[in-house]
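One structure is given here, and the rest of the page talks about it.
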Amino acid sequence: MGFPALRPEILFHGSHLYQSRCVEDAYTIDQVLEQIESAFSADSVVSPSRPSVVIRNPNKRRDHNGMLVNDEAVFECSGRQPYADLYSVVPVGDGLKEKPKRR
């Protein structure tokens, strides 16, 4: 696509992830760290159907509520070139309802 190659390092600032997972979804920091570790599994693959850059662990993990989830890591890859920025993690299948869209 004409972009320079990314460096093999990930930046992590955490403000969005903390706000969305800890404040809004009431996950603990330890639970978010489990989600990140799972999303960064050697088995994770790029999820091509997303508009953003996402890797997804295809292996389900049992979360603290007993739900089987697939953890995804969402990256922002253009704002801090040549580094990727870990923007968020999503425990897909955690049973939390879809949040209403803001208008």
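Annotations
- Candidate set from region 1-47 (those that are more than 18 Å from Leu96 (Cα to Cα) and polar (S, T, N, Q)); member that is surrounded by the fewest Cβ atoms within 10 Å (Cβ to Cβ): Ser15
- Counting the residues of region 48-63 that are crowded, with 17+ Cβ neighbours inside 10 Å and of a type in the set (S, T, N, Q) gives 1.
- Within the option set Glu76, Glu9, Glu72, being in contact with a Ser or Thr (Cβ under 8 Å, 6 or more places away or on another chain) and farther than 18 Å from Pro91 by Cβ holds for one residue only, Glu76.
- Subset of region 15-53 [assigned to a loop (DSSP other than H, G, I, E, B) and acidic (Asp, Glu)]: Asp25, Asp43
- All of Asp85, Asp71 fail the test of being in a strand (DSSP E or B) and either out of contact with any Leu (no Cβ under 7 Å at 6 or more places or on another chain) or modelled with pLDDT of 95 or more (or both), apart from Asp71.
- Looking only at residues of region 1-13 that are assigned to a loop (DSSP other than H, G, I, E, B) and in contact (Cβ under 8 Å) with a residue 12 or more places away in the chain, we find that the one that is nearest to the chain's Cα centre (by Cα) is His13.
- Figure legend. Inter-residue proximity from region 38-60: first residues more than 11 Å from Asn70 (Cα to Cα) and at pLDDT 80 or above, second residues of a type outside the set (S, T, N, Q) and in a loop (DSSP other than H, G, I, E, B), beta-carbon distance below 6 Å, spacing 6+ or different chains. Indicated pairs: Val53/Cys77.
- So Glu9, is it at pLDDT below 95 and of a type in the set (D, E, K, R): yes
The values are calculated or read from the model by the stated rules, or taken from the named source; none is laboratory data. Just so we're clear, the structure is a prediction, and the values are computed from it rather than from any experiment. Here the Cβ is made from the backbone with ideal geometry for all residues, glycine too, and neighbour counts use every protein chain on show.
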